[in-house]
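Step one of this worksheet: look at the structure below.
No value in this document is a laboratory result; all are computed from the given coordinates. None of the values given here were measured: they were computed from a predicted structure. Neighbour counts are summed over all protein chains in view; Cβ atoms, including those assigned to glycine, are modelled from backbone coordinates with ideal geometry.
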Amino acid sequence: MQIIDKVYIDGTFVTPHGDELFELFNPATEQVIGRVRLADAQDASNAISAAKRAFPAFSRTDKRERIDMLKRMHEAVAAKEDELFEAIIEEYGAPVSRGRWMARHASSVLLEAAKVLQDYAFTRRAGTAEVVMQPLGVAGLITPWNSNAGFICGKLAAALAAGCTAVVKPSEMSAIQTRIVTEALHAACLPAGVFNIVTGRGETVGAQISSHPDVAKLSFTGSTPVGKSILRAGADTLKRVTLELGGKSPVIVLDDANFDQIVPLAIQAGFMNSGQACIAGTRILVPSRRLAEFEARVREEVARTQAGDPRDPQTSVGPMVSRKQWERVQRYIRIGIDEGARLIAGGEGRPDGIDAGWFVRPTVFSDVTNDMTIAREEIFGPVLSIITYRDTDDAIAIANDTNYGLQAYVFSADEERARAVASRIEAGRVLVNTLAHEPAAPFGGFKQSGIGREYGSFGLEAFLEPKAVLATS
Ligand code: NAD
């Protein structure tokens, strides 16, 4: 049983002013594995004050100093990779292969930011003016539970690379990962107050950060409804806002696709991170004349997909993070059935042979139309919808007929053809015949999937403001 009773403010681990205790669970067993003492609005204010005090000196550090700091942070987090990996499995339920990737990603984003900073020119010319990219001020960074350590490090990396100081509000459900990352980052010996980490509830700590006049920039990853409330909360003080929100990503299977090759990719894209991924490909668009063939391959592939113990290396779908999330996924499966979609794999309840833990059955519906609830709303679990289309124009229209626009996938035997389709998709990222990640490429959404971009030079500029200086010579 882990007791986490400190927050990190002004370079020191301190007992929070807040005194609410929040239970942490192992989602595979439903057992309580720890308790975290949550910070409150007063703690958030203290953290913001510390970041504000640290800003004048930190914002004047040069590129070289900040690259050194990012490298030290990378080494410190990398040194904790195994501990972090254990926590990600225990506290979040990620299957081992995913957990290993997540634990490594947390340190690698810091190194990626150092590379971006290396190549970035903070000063450029526009006509007669000199344009200087200047750090915005104190940044409020708010993360979700589905990749907590990676988001803490990724957002901090970009903010600090830019010369901003930061207050991080991690998900309250991921406090063990947060403790490990915080201890690692403390060991990197940055100046006091440059970053502060306060775990607390969204309605208190998150709301305080989102509305506080001394916070210049908000970077939030989480659900679309909370993203909208953060945008409203920041409006009074005109905060710069980056929002990475939900998705309902289309997977467009063109009529020439080789199903032996692409069905495994489509299923992986849908069930990645146990379906708890904003970029999951949850609407699979298939040419109507090849539907029966596609369904048969999907049934085989899902039968091979193991849902269960995250520590079993064969498992690719672990438990949902919480009872609430489990119930949400069950509710959507019921809605799909009630709306007349046809189950071709999975369904309600736990997988066979499992009677505890927040496990769900990897589920695929066919005969889904794009106006059904399961095709429109983000489920955030391993529940996929197959939707048929007549021709390529119809496929593109269905793909774009969504409030979201985070990611899309196009699969075809002809890459040029797939790229032509990709050019017509309204999404921040389109993956053509691949599931690869590119850390230097911008990441973020069109429409209600968000505002702004993270990663690479676009992500760095989200923490900078251009200032034009005009002089006589
Ligand atoms: P959430 O929106 O409930 O919470 C995210 C964070 O916001 C948490 O730290 C939470 O405590 C905080 N929060 C809640 N209410 C707040 C408020 N009023 N003010 C300020 N902060 C508040 O999301 P979640 O359930 O933790 O994560 C799942 C959601 O995140 C999904 O919808 C998913 O699509 C989205 N997500 C998006 C991306 C992306 O990059 N686009 C990545 C991962 C997850």
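Brief remarks on what is shown
- Sorting 17-23, 356-362 by their mean Cβ neighbour count within 10 Å, with the most densely packed peptide first, gives 356-362, 17-23.
- The Cα center of the stretch 260-279 and the Cα center of the stretch 403-461 differ in position by 16 Å.
- Prolate/oblate/rounded call for the stretch 250-438, Cα gyration tensor, a/c under 1.5 rounded: prolate
- Rg ratio (alpha-carbon, reference 2.2 N^0.38 Å) - the chain: 0.99
- The order of Ser249, Ser316, Ser449, going from fewest to most other C-beta atoms within 10 Å of their C-beta, is Ser316, Ser449, Ser249.
- Cross-link reach list, aspartates and glutamates versus Lys228, counting only Cα pairs under 19 Å and skipping chain neighbours closer than eight places: Glu203, Asp236, Glu244, Glu377, Glu378, Glu454
- For Leu384, residues with placed amide H under 5 Å, excluding near neighbours: Thr363, Val364, Phe365
- When the helices of the chain are scored as -39500 (n - 2.57) per DSSP H run of n ≥ 4 and the total is divided over every residue, the value at 222 nm lands at -12000 deg cm²/dmol.
- In degrees, nearest ten, helix 41-59 long axis to first principal axis of the chain (Cα): 70
- Taking a straight line from the alpha carbon of Lys63, these lysines sit under 22 Å away, with near neighbours fewer than eight places off in the same chain left out: Lys52, Lys71, Lys115, Lys155, Lys217, Lys467.
- When both bridge partners sit in the stretch 250-438, DSSP labels roughly 15% of those beta bridges antiparallel.
- Cβ crowding within 10 Å averaged over residues, with 456-469, 337-350 ranked highest first: 456-469, 337-350
- Dipole of the chain [Lys/Arg +1, Asp/Glu -1 at C-beta], most positive-end residue of Cys278, Gly140, Val215: Val215
- Estimated FRET transfer efficiency (Ser473, Leu238; beta-carbon r; R0 30 Å; 0.05): 0.30
- Taking packing as the residue-averaged number of other Cβ atoms within 10 angstrom, the listed peptides 410-417, 102-109 run from highest to lowest as 102-109, 410-417.
- Between the stretch 38-109 and the stretch 163-224, the alpha-carbon center distance in angstrom: 9
- Compactness of the stretch 87-145 - radius of gyration and Dmax, Cα, Å: 18.4, 58
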